[in-house]
Each structure stands twice: as C-alpha cells, then as structure tokens.
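Report on the structure given below.
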Amino acid sequence: DTVHRSLVSGDPFSIKYRMRRFDGAYRWVDGRAEPLRDQNGGITQWYVISVDIDDEMRAQEALRDRERELSQLVDIVPSLLWRLDPEGTPAFFNQRLIDFLGLDINDMETQGPSRLAAFIDAAIHPDDAAGLTEALQHSFATGERFAKQYRLRRADGVYRWVKGSAEPLRDENGQIIQWYGLTHDIDDQLRIQEELRESERSLWQIVETLPAMIDCAAPDGEPIYRNPQLRDFLGYKLEELDGTGKTRLDATLDAGVHPDDVAEVKENYAHSLRTGEPYARRHRLRRFDGEYRWVETRAAPMRNAEGVIVQWNVICLDIDAEVRAEEDLRQARE
C-alpha cells in the first residue's frame, strides 16, 4: 500500500518491514525510496535503499521489555517513588504515590518551579510546607542529599507523617540530571512510638510518686536509678559514689547498710546476682541524718524475651516503726 501510494503520488516513502533472507529468516529492514525526475518533473527512476535494522529492532524491543519490567517493579515497590528534574520540577510519580495522593503529576497544568510550589500547596501540611521547601531548595542549590519528615495529604484528606529522601543522579561531568526520591509512610510507627513514650512517661510518674523507695540496677547489680523517695532518704546522689575506688554497689552498701548487717546483705546480693533468684531481707539502712532505720528490701530480676536478665528492680520499705513495735511487744511478753 505504501509503495503504490508513492507510485501514484510521486512522494518519497519510508517504512520499516520484515524482509525474507535467503535462509528463510525474516529480518527487519528500514526501506526508503526517492524518485528521480527529468527536467519536466516526470519520474524516470525510483531509487530504493533497504538497511538491515533487525539487531537494532530486537535491542529496542528488549529495552522496551526491560522498561516494562522496571515500570512494574517501581509500581509494586511498597514505597512512594518520585522523580524531579534538575530544577526541582516534579516529573514522575509511581502508581502507589498517585493512589496515595489521588493526584497524577501529569494532570497538573503548571510547569517549571511553579509545579513544585503547586504540589507543596496541594499535598503538604501547611505547618510543614515552609520547612520542606527550604530543605529542598538547599539540596537543589548544593547538590546534597535531601531527607526530611513531614506530613503528606492522603487522597481522603487525612495528613500522615512520612519520611522523604532524595539522591541526585549525575552525568559523567558531575552535573545533576535527575533527582530520585523515596517516601515512606511512617505515621503508624510514629504513633506507636508516641504511645510508648506516653506509656513510659506514665510509668515513670508512677515510679517517681510511689510512696516507696525504688532502685534500679544493671544486670551486674550496679545501681543506675533511684527514685526521689530513696534519694531523699539517703541524702546523696549516685554520682557522688564515683571515684571512691569501689563499685557503686559496694559503695552504696558500705555507706548505707548498718555495719552489723552489711556482710550478710552483700552475701545475699551476691547469691541473687549469681543465680538470678529474687532477694528479700530486713536490715538497717542509714538515713541522711545519720539515724539507722529498719527497712525491708526486695529485689527481682527483669528479663527479656530470651530470659536474659536486663535489669534488677529493687523496692525498699521503711518498716522501722513495725520492727520497733514488734520489739516492744516481745519485751512486754518477756
């Protein structure tokens, strides 16, 4: 059809088609024809050239197949992927990002830097827009990697926290030719972290306000925390025990436990640290004013999922009045 049209019209033609080689194999060729005309404009000859482009066509088809595979891979990656040109104009969103935003970058009418500004206005939380713009402009100006957390508007209007990062792609001369970006939805993760922090704050408030003396120690028994009630009772801070030439545990016991009780207390502590068994004992503890008061100390190990001790939790109750009452009762009975 193409040849016949050209013969009728006298127009040149160019067409790619498959030509049968002598061995029966069909190979793609690029056929082109031009008419030679006489001085009156009449066609005297047609000159045709056919170039074997089969290898080129197969390479192009392989490239298209690879591009389709890469495009499918980009769309199934469980992340939001995007691309910017060297000036920062959005040039590509993967399908997950389009679905997340309910917005296709190809539908945006603006071009150039204004397209990025329009996208930020439409998709970024107003409180985060200025900071995000500043971070992006810094990366565009310096070529440095971009990374920032911000809130992104989902298609249903809900803003969700995301973590975005982008790296520049450079040519052989070091010039930036594209920016490739990756965005993760971290909203659920941040909410869980905030709930954990709130739970931790609540637990610490309980520990700080509980009417009991509480101490936390490392797996080897070294004290790492004391609540205000214990600090006020003893009258000194843990840091004051450093530099004494003793471990914090030994320094604590020597400074606080009554001389008549300290040997057995150390022995009991050592047994618990060695075996992992809970500890419970009554002994006298020196108060900040120098008075020794009877206390009941209980310690229990806290273990991780593998059963390894990660911390010792200790509670100390002032039972001096109870012990003295028992002593008075014993003496009265005698």
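The values are calculated or read from the model by the stated rules, or taken from the named source; none is laboratory data. Fair warning: this is a prediction, and the values are worked out from it, not measured in the lab. All Cβ positions, even for glycine, are placed from backbone atoms using ideal geometry, and neighbour counts span all protein chains on display.
Miscellaneous remarks
- Criterion violated by Arg160 - all others in (1) modelled with pLDDT of 90 or more; (2) loosely packed, with under 12 Cβ neighbours inside 10 Å; (3) not polar (S, T, N, Q) satisfied: (2)
Listed here are the residues, each with its yes/no results for (1) over 30 Å from Glu327 (Cβ atoms); (2) of a type in the set (A, V, I, L, M).
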| residue | (1), (2) |
| --- | --- |
| Leu210 | no, yes |
| Gly221 | yes, no |
| Asp232 | no, no |
| Leu253 | no, yes |
| Asn268 | no, no |
| Ser272 | no, no |
| Leu285 | no, yes |
| Trp294 | no, no |
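- For region 32-66, the set of residues classified as assigned to a helix (DSSP H, G or I), of a type outside the set (A, V, I, L, M, F, W, C) and either in contact (Cβ under 8 Å) with a residue 60 or more places away in the chain or surrounded by 11 or more Cβ atoms within 10 Å (Cβ to Cβ) (or both) consists of Asp54, Glu56, Arg58, Gln60, Glu61, listed by residue number.
- Residue that is loosely packed, with under 15 Cβ neighbours inside 10 Å, under 30 Å from Leu97 (Cβ atoms) and of a type in the set (S, T, N, Q), where the choices are Gln189, Gln205: Gln189
- Restricting attention to region 158-206, the residues that are part of a helix (DSSP H, G or I), under 27 Å from Glu144 (Cα atoms) and over 15 Å from the mean Cα position of the chain (by Cα) add up to 0.
- Scanning region 86-102 for residues that are touching a Gly at 6+ places or on another chain (Cβ under 6 Å), among the hydrophobic types (A, V, I, L, M, F, W, C), at pLDDT 85 or above and not in a helix (DSSP H, G or I) turns up nothing.
- For Ile224, the conditions (1) exposed (fewer than 13 other Cβ atoms within 10 Å of the Cβ); (2) not in a strand (DSSP E or B) all hold with the exception of (2).
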